[in-house]
């Protein structure tokens, strides 16, 4: 992205403004049964100005990046705010400020791979699948890399230039079971460009074997029983629990919109084994899947401890919500495309690992389930949540049994978290997620395995 | 637009493409947002999308950009042709055959911003006056979009349209109790009617207040489920994609890969794609391949009539491609009113919103019943909480009891309520 000089077009007379130049880039290459079904590249570049005046916002954007257009959209943003202010009767707030400046460009330091090298990497994996598991009825391998580059300046001194890449390797196996097709799927990878994560297809063989085993387990899968059970949620599920079940209810715009979390600040909402944090960028000295150093309002991004040993401690904020609730800024304002307004978005939401061992947790279940993989999830202002469960196993007398067919898990998060009796000492990050809240945006989520009581759909 | 598209087709062919497709779209959107019950944000967006598609020696690549200066175009062409060169051949790649050029114009091309503000203010005032315990956000926008689609076989379609879009999300909080959140939306060619009077907006908002006091169902049971129109639309779309779409057929997860003209579902089920239905605001005029879209029953009287697939999927599977997508789906209304349906239900759930994961390839699925009601002996007993409905989607479409006479038009689908039997309903 050719970085523009944004400062030349500063609008005057506004209470606050920000100007953003952003480019999103994506590459997708997929093979299905050896045929290249996707060979796509896309990019989207543009500029946006958002202006705050008299308690309302005006925004304007354009894909054009010349200085005349920049001046025009800045003027349009200001006039939009002025137009809206005529119809606004609500209270006005002085927006808080904690500006930061910095450049965070995470281009690979390795020799970038050509498209042909990526293609050959996938073809080698595809050939491995075809040769090793000839009985599969279908197989799919693919790479998706997305890059988000932003240059933002704000009227209160925020100034950032960032390029965050994510790269994923997708593996799908379809086999025929007695009841028809069964499939298992995995998205591997996370933060970084492809060369930062992979160098040799053989590094993936072990994971491929696990996916194949899961596919075979699914052939013999039985229906889960409908009802409430003691379950162990694998670490692969902890992230979506943190994000969907709790995280959304504690985004301050949800709180202002009536979320149940608004009633629980500084109250116990979970077992004291549970601590939950929205990490800005770094956990355990390692960059998280979606590192955020400065948010789209130019605010310094800081970790937000949402639940500390079972007590609800804080919410995630942008400038407006922090002003309305008189709380500290957290740096959670993010927009996905160049023309998107920053919304309160989670960054890397995680449950803090505990001290238990996964094997002991499973052994402690008399009659329940070990739930491993989720297909999707949804949240509610009441903290009632739903996850699709695409992989799970029966547990009887502490031993794993048959796989279960796809089902749905649900619960009220602030009730469920009070039933947590064990938390494992491991940690698993998921970086391939996209959270849909008006705009779809990259999020990280993670955590350990958890033993708790949940509702399952089934027979 | 014509000049850019023609020039790009020529340049792709000159750069070695055997076949080429160009799609060029320019859009202007004005979006007014009510946040925390007040007008808060006005967005004015100008966007561009240019998609280039090339095939050479049976290799295919696609490049999509939003910059149209000469340097960006040249870079895109060079990169695209390199991607084509590095691709893998598949004789199934192809583009649409020649058809007569066509042009379509639809809807209000210019926004009436005063009317948007007026309709939103009216909605906000009514919410505050009549539903003081309801928290809500809402947005209303106007989009004006121009698209030119050309390919090297001579396809040339011009499309220009304008439409309004409304959405609102709401939850109620009263006496320390709160409801689940719910939402409604529609796309419309004009703003003739207040938002509250379109589809079931007022009824959903009325319901949200009583949903602050939900109850658990008394016991697990097997019963009937009445799916609200938005829920039915989502499930029908999922069913079609899961078994009759490109991905399902090519990756062999479809249970019905060779079942054209076979009866798969209840004879009560007819699902039609109506791309240019005058009743729907969000029309589509061409398929993704560029063929003019036409009305097509995908399922008629329970029989599968067409696989809504692309040229590529058709060539891969040996089936005919379709002149429709699985969009703008319509199910005709039945003869029974929703109230009568409820009266006729011994034990069941009126499912107003569903929160679910993808069904298994066999169709098994479970959904959390949101904003929904327990029905016993023909009467609504209570709003429910923590209630799960487990069923098989294919069996559900074979166990249809009836469709309601009421329909809802979201501007992209028209659906009635549907009742089916045999669902397992369980609580916490």
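Only the coordinates and a few stated rules stand behind these numbers; no lab work does. This one's a predicted model, so the numbers in the text were calculated from it and none came from an experiment. Methodologically, a virtual Cβ is constructed for each residue, glycine included, from the backbone with ideal geometry; neighbour enumeration extends over all protein chains shown.
See the values below:
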read-out: Between segment B:93-128 and segment A:300-352, the Cα center-to-center distance that results, in Å; value: 34 Å
read-out: Rg/Rg_ref, chain A, where Rg_ref = 2.2 N^0.38 Å and atoms are Cα; value: 1.04
read-out: Whole-Å distance, taken between Cα centres, linking segment B:347-400 and segment A:445-459; value: 21 Å
read-out: Gyration tensor (alpha-carbon) shape descriptor, chain B, a/c threshold 1.5; value: oblate
read-out: Inter-chain shielding of B:172-180 (mean C-beta neighbours from other protein chains, 10 Å cut-off); value: 3
read-out: C-alpha center-to-center spacing [segment B:218-275, segment B:158-214] in angstrom; value: 26 Å
read-out: Estimated inter-spin distance, residue A:328 and residue B:222, nm [label 7 Å along Cα→Cβ]; value: 5.7 nm
read-out: Relative contact order (percent, whole number), segment B:2-210, Cα cutoff 8 Å, 6+ residue spacing; value: 22 percent
read-out: For residues of A:399-410, the mean tally of beta carbons on other chains within 10 Å; value: 4
read-out: Å³ per residue enclosed by the Cα convex hull of segment A:6-219; value: 188 Å³
read-out: Sequence-separation-based contact order of segment A:227-456, relative, with Cα cut under 8 Å and 6+ spacing, percent; value: 31 percent
read-out: Histogram of C-alpha separations across the protein assembly as shown, 10 Å bin width, %; value: 2, 12, 21, 27, 24, 12, 2, 0
read-out: Most to least packed among A:400-406, B:75-81 [average Cβ atoms within 10 Å]; value: A:400-406, B:75-81
read-out: Label-point separation, residue B:295 to residue A:88 (7 Å along Cα→Cβ), nm; value: 4.7 nm
read-out: Share antiparallel - DSSP beta bridges, chain A, percent rounded to 5; value: 90 percent
read-out: Cβ-based exposure ranking for B:230, B:53, in which fewest neighbours within 10 Å come first; value: B:230, B:53
read-out: Mean residue ellipticity (222 nm) of chain A, computed from DSSP H runs ≥ 4 via -39,500 (n - 2.57), nearest 500; value: -5000 deg cm²/dmol
read-out: Shielding by partners - mean other protein chain Cβ count within 10 Å, residues of A:369-382; value: 4
